[in-house]
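The next block holds one structure in the form of C-alpha cells; read it before the comments.
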Amino acid sequence: MDPRRIVVAVSGGIAAYKAPELVRVLTGAGHLVRCVLTREAPRFVSPLVLETLSQQPAGDDLFDSRSGEIDHIAVADWAELIIVAPTTANLIAKLAHGITDDLVTAVILATRAPVLIAPAMNVNMWEDEITQRNLALLRDRGFETVGPDAGELACGWQGEGRMSDPGVIAEAAYRVLTAPSLHGQRVIVTAGGTSEPIDAVRSITNRSSGKMGFAIAAEAARRGATVVLVAGETPLATPTGVERVAVSSALQMHEVVLRELASAQVVIKAAAVADFRPRQTSERKIKKEDLGPDAGLQIDLVRNPDILADVCREVKQTGGRQVVVGFAAESHDVIPAAQRKLERKGCDLIVANDVSRTDAGFNVDENAVSFIWPEGEIEELALLPKARVAAELLDRVEKLLGENA
Ligand code: PMT
C-alpha cells in the first residue's frame, strides 16, 4: 500500500502499552503517523515514546497552542484514517454522544476520515448493555471496529476485552483504507508446498513457505473478496477474513480446488505442487534394518494430477468465465520456460519467478516476478515485498475480470 497519513489516538487503559508497537508496525510499513492522547493516556504510555517512534509531536492537550503543532482541526484534516487503540468504555461513550472535552474526542468529531476503534476493557464493562448500545451507535455512524479478543485480562478476569494485537489492528486498518474492488468475487488461492507421504514419518515436499500465496489471499480479502485459501502445511497465520482449507498432498489440493471451482470467479495457483508422489505409502516407518546393511531405498514415483491444467480444462469445457492465474517457479531460462507453461496449461496469466535467487522466490519476504501474457507481452517487476507483488497481481486480475464481464 502507498504511504498513508494515519492518526493513532490512544486512550487511558492498560492496553495503551501496545500503542507504541502499533505505531512501529505502521511506520515500518512506510505510513506517516501522528499520535494524539486522551488526558489519562500518559499515565499508561509516555508521549515521548510515541513521538520518537512516529517522529511527530504527540499531544494530549486540546488547548496547547505553544507551537500550533497540535491543533485538533489540522490533525483531523490531515488524517486519512484514525485508529483509536486502545478505546476504553469511557471513550466509546463519549464518542457515541458527541462529547468533545479533550484532544482525542475533538479530533475524531472533526475528522472526515474513517475511524477504526480497537476496544479494550474489563469483560463486564465490555458486555454491559450501555457499552454495547454506545458501540451500536458508533457502528451506525460508520465507525469500524477490530476486536476485542477473548483471553486473560489485565484485571485478572477471563473473557472478551483484550485489545487486538498491533499486527491485527494494522491489517484491519489496511482493509478500511483499501477500496472494496473485489467485493462480490470469490477467489481461490493455493499456497505452500504439498507433502507426499513415503511412510509414517517421511514425505517428499519442497521449500515453499506459503508466504506468496498468503499475501495474495490477504490482499484479496482487503479488497473485499470472499477468499478460500487452500494451503499446504505451513505455520503461517490465516489472514484476517480468509477461509483456510488445510491440505497436505497434491491429491487433496486437487480435490478441494476442483470442488470449489464452480462457485469461484478467480483461481490463483501460487502453491508449489509436487509433480510426483510415491506409488506406495507405508503406514509404518520404513526401518533401515529391514532393508539390509547397506541397501538404499528405491521409491517408485507416479505423476500427480496437474491441478492448474485441470482447472483450465474444466473452465473451458463448462464455458466458465473464471480468471485463472498460474505461477511458474523456474531456476533457469525463466521467461521461455514460463511462456511454454502458459501455453501448455492454458491459463489467463502466468507469474514467473526465478527460484534460483536467494533474495526472491521461496521462503523470503520479497519476490521478483514477471507477468507473462498469452499475447506475448511480458511485464517485469522489480524486487518487491510479496504484499506488493500480490497487489500488482490483483490489479491485473481485476482488469481481466472486467474484460470477462
Ligand atoms: O511459498 P513461498 O515460500 O512464498 O514461495 C513462493 C513460490 C516460489 C512457491 C511461488 O512464487 C511460486 O512460484 N509458486 C508456484 C510453484 C510451482 O509449483 O511452480 P511450477 O512451475 O512447478 O508449476 C506451475 C504452476 O502449475 C503453478 O501455478 C503450480 O501451482 C501449478 N501446478 C504444478 C504442478 C501440479 N501438479 N499441479 C499444479 O497445479
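None of the figures in this text is laboratory data; all of them are computed from the coordinates on show. None of these values were measured; they are calculated from a predicted model. Please note: Cβ atoms are built from the backbone with ideal geometry, for glycine as well, and neighbour counts cover all protein chains shown.
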- Query: When the dipole is taken about the Cα centre of segment 5-177, and only Lys, Arg (+1) and Asp, Glu (-1) are charged at their Cβ, what size is it in debye, to the nearest 20?
  - Reply: 220
- Query: Just in segment 323-405: which GluC sites (Glu not before Pro) are loop by DSSP and have at most 10 other Cβ atoms within 10 Å?
  - Reply: 375, 377
- Note on the structure: For residue 287, the aspartates and glutamates lying under 14 Å Cα to Cα, once residues fewer than eight places off in the same chain are dropped, come out as 199
- Query: Helix 129-140 versus the longest principal axis of the chain: what is the Cα-based angle in degrees, 0 to 90, to the nearest 10?
  - Reply: 70
- Message: Give me log10 I(q)/I(0) at q = 0.10, 0.12, 0.17, 0.18 Å⁻¹ for segment 186-404, Debye formula, one equal scatterer per alpha-carbon, no solvent.
- Response: -0.44, -0.63, -1.19, -1.33
- 25 Å Cα-Cα reach of residue 18 towards lysines, excluding residues that sit fewer than 8 places from it in its own chain: 94
- Per residue convex hull volume, Cα only, segment 208-331, in Å³ is 144
- Could you compute the FRET efficiency for residue 403 and residue 251, with r as their C-beta to C-beta distance and R0 at 30 Å, rounded to 0.05? 0.35
- Which of 163, 212 has the fewest Cβ neighbours within 10 Å, and the rest in rising order: 163, 212
- Task: Measure of size requested: the Rg and Dmax of the chain, with Cα atoms as the atom set and Å as the unit; please supply both.
- Result: 25.3, 85
- Note on the structure: When 34, 303, 223, 186 are arranged by how many other beta-carbons sit within 10 Å of their Cβ, fewest first, they go 303, 186, 223, 34
- Note on the structure: Residues whose built amide H sits under 5 Å from the amide H of residue 366, excluding neighbours closer than 5 in sequence, are 386
- Task: For residue 386, go through the lysines and keep the ones whose alpha-carbon is under 19 Å away, minus same-chain ones fewer than eight residues off.
- Result: 211, 269
- Going from the fewest other Cβ atoms within 10 Å to the most, one would list 104, 324, 256 as 256, 324, 104
- Task: In whole Å, largest first, what are the principal axis extents of the Cα atoms in segment 5-177?
- Result: 43, 31, 31
- Could you give the distance between the Cα centres of segment 377-400 and segment 236-289, to the whole Å? 24
- Note on the structure: For segment 186-404, averaging the sequence separation of alpha carbon pairs under 8 Å that lie six or more residues apart and dividing by its residue count, the contact order in percent is 20
- Query: So what J values fall out for segment 5-12 if you push phi through Karplus, 6.51 cos²θ - 1.76 cosθ + 1.60 with θ = phi - 60°, rounded to Hz, Gly and Pro as x?
  - Reply: 9, 10, 9, 9, 9, 10, 10, x
- Message: Students often check this: by mean Cβ neighbours within 10 Å, which of 113-124, 187-198 ranks highest, and how do the rest follow?
- Response: 187-198, 113-124
- Item | FRET efficiency, residue 309 to residue 52 (Cβ-Cβ, R0 45 Å, nearest 0.05) | 0.25
- Message: Per DSSP helix of 4 or more residues, -39500 (n - 2.57); summed, then divided by the residues of the chain. What does that give at 222 nm, rounded to the nearest 500?
- Response: -10000 deg cm²/dmol
